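We did not get these values from a lab; they are worked out from the coordinates using the rules stated. Computed from a predicted model, the values in this text were never measured in an experiment. Here the Cβ positions follow ideal geometry from the backbone for every residue, glycine too, while neighbour counts run over all protein chains shown.
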Amino acid sequence: MSSQMLAGKRVLITQADQFMGPVLCEVFRAHAAEVLADTTAFNAPGAPARIIAAAGRIDVLVANLAIPAPATPATLVGDDEWAAVFAALVDPLPRLFRATLVQMIERRAGKILLMGSASALRGMKRASTYSAARGAQLAYVQAVGVEMAEHNVQVNAIAQNFVENPTYFPAEVQANPRFQERLKREVPLGRLVGAREDAEFAAYLCSESANCFVGQVFPVCGGWVQR
């Protein structure tokens, strides 16, 4: 689908070469956005501020952050794992938001969308570190979202799982018969949500048509079978 839904919008997408980044860039450009595809690592605390300063005016920030999810039993999770996952998924958020929100508040216009995970919305075995970090992301977005509403800045999140992407569901995983059986067992949709389906929803949330949503977390999971 192509439209002018994001015409005139300058959109910064982080980790544009990972997770949902490639398809987000493609879809947002199809909707006439000027996409700033950033692939900078956020290891240094000052990196987010430098990225935002170099980008200039940003109408939309898509915080697309990903890291391979550890599968460590909770009793074996060490401080190094915990720190590394939070450093990749949580610590960059306030730095990115601080640098971006100043200009958005001044203009009384702007949107921030987090590409998060639904792992924070239900218990998952051997995922305590990853789920905790993803949960912290969602809680942060909810709090900042309601705070920014009075400035006409919309901050929201997509909490996804079972969505096609190369980071968590690469082709070799999708081709595995055991994974295919898992989809049938756990996902009422019976398949992964398509990458473009997810990206089109993200584009809508970043458009002027979605100005009524603030501090919201939208699950995109193809449904779940309750266990």
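Once the Cβ-Cβ distance between K125 and A49 is put in as r, and R0 is 35 Å, what FRET efficiency do you end up with, to the nearest 0.05? Mind dumping the intermediate values first?
On the way: r = 38 Å, r/R0 = 1.08.
It comes to 0.40.
How much length is gained on full extension from R57 to A139, taking 0.36 nm per residue of separation minus their Cα-Cα distance?
Values: separation 82, 0.36 × 82 = 29.52 nm, distance 2.66 nm.
Result: 26.9 nm gained on full extension.
What nm value, rounded to one decimal, do you get for the distance between Q174 and S3 when each label is placed 7 Å out toward the C-beta?
2.5 nm
Grab the other residues whose beta carbon is less than 14 angstrom from that of G21, score K and R as +1, D and E as -1, and report the net. Numbers along the way, then the final one.
Details: positive: R29, R196; negative: D17, E26, D38, E164, D198.
Its environment carries a net charge of -3.
Rg to Rh ratio, the range 35-91, alpha-carbon atoms and Kirkwood radius? Write out the running numbers ahead of the final one.
On the way: Rg = 14.5 Å, Rh = 13.4 Å.
In the range 35-91, Rg relative to Rh is 1.08.
Rounded to the nearest 0.05, what FRET efficiency do V77 and L189 have when you use their Cβ-Cβ distance and R0 = 30 Å? Don't skip to the end; give the middle numbers.
Values: r = 31 Å, r/R0 = 1.05.
The pair V77/L189 has a calculated efficiency of 0.45.
Hey, fewest Cβ within 10 Å first, where do E147, E208, E186 land in order?
Numbers: E147 14, E208 11, E186 17.
Fewest-to-most ranking of E147, E208, E186: E208, E147, E186.
Where does each of K125, K9 land when they are ranked from fewest to most other beta-carbon atoms within 10 angstrom?
Numbers: K125 8, K9 21.
Starting with the residue having the fewest Cβ neighbours, the order is K125, K9.
Based on C-alpha coordinates, I'd like the Rg and Dmax of the range 69-172, in Å.
15.5, 48
How far is it, in nm, from the label point at A84 to the one at A32 when both lie 7 Å from their Cα along the line to the Cβ?
Simple spin-label model gives 4.5 nm for this pair.
What are the radius of gyration and Dmax of the range 10-220, computed over its Cα atoms and given in Å?
Rg then Dmax for the range 10-220, in Å: 16.9, 52.
Would you mind ranking L205, L6 by Cβ crowding within 10 Å, fewest neighbours first? Intermediate results must be reported in sequence, preceding the final value.
On the way: L205 20, L6 24.
Final ranking by Cβ density, sparse to dense: L205, L6.
Viscosity 0.692 mPa s, temperature 37 °C: what is the translational diffusion coefficient of the range 1-46 from Stokes-Einstein with a Kirkwood Rh over Cα pairs, rounded to a whole number of µm²/s?
Values: Rh = 11.1 Å.
Rounded to a whole number, D works out at 297 µm²/s.
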